[in-house]
Amino acid sequence: MPSILSISSYLAGSVSLTKNRGLSQDTINKLIALGIDVTSVHSETEAKNAIDKKNADTPVKETQEKKSNLSTREEKLLRDIKTLARQLGIQVKDNDKIEHIFTLVENRLEELSEVGYNSGLNIFQSEYERLKSLFNNLFANDSGILSAMDLMSKVNSASFISK
């Protein structure tokens, strides 16, 4: 186990190295905040490049996490609608698309309503409405993002043409 003295000597040496490299305290703080080893850069330019690279990588990671969360919600929604379908006596395949399962469930609920089946129909109908609402919200957000991106590309291309 390293002693306090050896740790202090190491830290003092690191500070000395960074000062000799001409790194400003602001740059050092940014490197540390981003988890970049201060001793891995040898100039302000290298430090700036490392910071820019780390910042550029961060949104990608956040987007991947959001996609992961989205797929987790999609998976849960798919499981829930399949469970509802099975409770209604509908045979669902593993590769059935979620939209198809919603259609099957909706058709079955209409059939049961038409033949006068009332026992528990309200519960099934409520669960279907809840899941359908989740489905619409989940995919409406994706559609909204794609629409906004499309609009931005049109604005950008229009401003490029006018120059």
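Where a number appears in this text, it was derived from the coordinates with a stated rule and is not lab data. Not measured: the values here are computed from a predicted model. Every residue, glycine as well, gets a Cβ built from its backbone with ideal geometry; the counts of neighbours run over all protein chains shown.
Listing for the model above:
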quantity	calculated
Contacts under 6 angstrom Cβ, first residue in the range 98-113 being under 16 Å from PHE139 (Cα atoms), partner in a helix (DSSP H, G or I), 6 or more apart	ILE98/LEU78; ILE101/ILE81; ILE101/ALA85
Residue list for the range 87-103, restricted to those being more than 30 Å from the chain's Cα centre (by Cα) and surrounded by 11 or more Cβ atoms within 10 Å (Cβ to Cβ)	GLN87, LEU88, ILE90
